[in-house]
Amino acid sequence: MARTARTGSPVRPIAHLSLVDRVTDELHRAILNGDIKPGAAVSIVELCEQFDVSHIPVREALRRLESEGLVSLRPGRSALVASLSPEDLADIYRLRRVIEGDLTMRAMERMTPERLEQAQVALDEYAEVEREPSALAAAHHAFHAAILDEVMGAVDRRMLQILWHSADRYLHLVMDDLDRAPETTEARITEHRALLDLARAGKAEELRDAWVHHLASSEADLQAALERQPSANESARV
């Protein structure tokens with residue numbers, strides 16, 4: 001007999017197809033959106049009941065999320081959702097500055113009109129997209145990838161995916177305190193236009209410096225927004 005999900009659960013029912021992927025996606029969504037709070041203890045048994053699946057796909061999904069730094073598996077039958085912290089955020093952006101700064105210089109050596117056009121399309125979408133965390137993050141990543149994708153190796157790509165997803169979690173949870181006015185949003189768009197202008201002009205060193213500054217500015221804004229989230233690290237059980 002199928003188990004019945006509890007009412008009021010922060011996770012949604014899933015279809016019995018590609019179970020590990022579906023469980024991973026749903027847990028990823030719930031953690032990013034804050035439906036499962038930072039610092040929360042997650043019961044594997046309860047997740048199995050809510051998803052109506054065995055423990056195998058749930059454990060595998062949690063292992064995947066652990067590899068992204070979103071949860072920590074604990075002895076027994078539970079996992080702990082990573083807390084938000086200024087130190088963690090600083091580490092994410094420190095590594096991004098190192099990796100993306102290097103990739104930017106290498107990307108300029110192989111820049112093409114086609115890649116610049118892809119970046120322009122991504123930037124146009126970023127400027128028009130709804131200021132909703134998931135859509136905003138996807139458009140933002142598309143712009144960065146359009147510039148850097150050609151020179152990303154497998155390790156670069158894997159590391160940046162982890163770092164981008166980790167940064168996204170902060171964006172999702174502090175979005176309401178991040179872009180408080182239209183002028184703030186326009187400033188972010190203008191900053192990206194300046195990056196693309198430098199790429200078009202072939203100014204590699206200037207682009208690298210501006211890119212690193214852009215990341216530092218993004219970190220500072222997120223840190224400030226995080227400080228306005230006094231309850232961000234309160235624990236809550238699923």
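The values are calculated or read from the model by the stated rules, or taken from the named source; none is laboratory data. Just so we're clear, the structure is a prediction, and the values are computed from it rather than from any experiment. Because the Cβ atoms are built from the backbone with ideal geometry, glycine has one as well, and the counts that use them run over all protein chains shown.
What to note about this one:
For every residue, the table says whether it meets (1) in contact (Cβ under 8 Å) with a residue 24 or more places away in the chain; (2) surrounded by 14 or more Cβ atoms within 10 Å (Cβ to Cβ).
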| residue | (1), (2) |
| --- | --- |
| LEU73 | no, yes |
| ARG106 | yes, yes |
| ARG110 | yes, no |
| ALA119 | yes, yes |
| ALA122 | yes, yes |
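- In region 58-71, residue nearest to LEU148 (Cα to Cα) [restricted to those that are touching a residue at least 24 places away in the same chain (Cβ under 8 Å) and among the acidic types (Asp, Glu)]: GLU68
- Selection of region 124-144 for residues being of a type outside the set (D, E, K, R), touching a residue at least 12 places away in the same chain (Cβ under 8 Å) and under 24 Å from LEU89 (Cα atoms) yields TYR126, PRO133, SER134, LEU136, ALA137, ALA139, HIS140, HIS141, ALA142, PHE143, HIS144.
- Residues in region 105-140 that are at pLDDT 90 or above and assigned to a loop (DSSP other than H, G, I, E, B): ARG110, MET111, THR112.
- If the condition is being touching a strand residue (DSSP E or B) at 6+ places or on another chain (Cβ under 7 Å) and polar (S, T, N, Q), then region 49-81 contributes SER72, SER78.
- Evaluation of GLU132 against the conditions (1) under 19 Å from the mean Cα position of the chain (by Cα); (2) crowded, with 19+ Cβ neighbours inside 10 Å shows that the sole unmet condition is (2).
- Test: residue in region 116-129 that is over 17 Å from ASP197 (Cα atoms) and outside the structural domain of GLU26 (by TED's automatic domain parsing): yes
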